[in-house]
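Below is one structure, written out as structure tokens; the observations come after it.
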Amino acid sequence: MKKLKVAIIGCGRISSVYRYVFKQLEDEIDVVYAVDINEVKAKEFAQDFHDCRALTNYKDILDKEIDVIHIATPHYLHASMAIDCM
């Protein structure tokens, strides 16, 4: 089975839960993008995954080949980001 290409938008507090789960699923997924408006947070998240790129603008991943995008931003941002991602 091919690995799913995964991205996360939002590398704040809740991202530690995602990081833990993503590490447990490394045989099944590749985390390819970590996005946060805070570049330091994006880079810190990305460093835990091989070939994961850190970005500060989620719109930069919209034309990429990604199977799953996890939105881990404040709730009020979810709807517009989810629509953009679809």
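What number of residues within segment 50-69 are closer than 18 Å to Ala82 by Cβ, assigned to a loop (DSSP other than H, G, I, E, B) and in contact (Cβ under 8 Å) with a residue 24 or more places away in the chain?
Number of matching residues: 3.
Can you find a residue in segment 65-80 that is acidic (Asp, Glu), surrounded by fewer than 19 Cβ atoms within 10 Å (Cβ to Cβ), within 16 Å of Cys11 (Cβ to Cβ) and in contact with a strand residue (DSSP E or B) (Cβ under 9 Å, 6 or more places away or on another chain)?
No, segment 65-80 contains no residue that is acidic (Asp, Glu), surrounded by fewer than 19 Cβ atoms within 10 Å (Cβ to Cβ), within 16 Å of Cys11 (Cβ to Cβ) and in contact with a strand residue (DSSP E or B) (Cβ under 9 Å, 6 or more places away or on another chain).
Give me the residue from segment 36-49 that is charged (D, E, K, R) and in a helix (DSSP H, G or I) and, out of that set, nearest to Gly12 (Cα to Cα).
The qualifying residue nearest to Gly12 (Cα to Cα) is Lys41.
Would you please list the contacts, defined by Cβ atoms under 8 Å and residues six or more apart or on different chains, that run from a residue in segment 13-25 that is under 16 Å from His75 (Cβ atoms) and modelled with pLDDT of 95 or more to a residue that is part of a helix (DSSP H, G or I) and open to solvent by less than 80 Å² (accessible area, probe 1.4 Å)?
Ser15/Phe45
For segment 30-49, what are the residues that are touching a residue at least 12 places away in the same chain (Cβ under 8 Å) and open to solvent by 90 Å² or more (accessible area, probe 1.4 Å)?
Within segment 30-49, Ile37, Glu39, Glu44 meet the criteria.
The values are calculated or read from the model by the stated rules, or taken from the named source; none is laboratory data. Keep in mind that what you see is a predicted model, and the values were worked out from it rather than measured. Cβ sites come from the backbone with ideal geometry, for glycine too, and all protein chains shown count toward neighbours. Remember, those area values only see protein heavy atoms, side chains included, never the ligands or the DNA or RNA. Shrake-Rupley method; radii C 1.70, N 1.55, O 1.52, S 1.80 Å.
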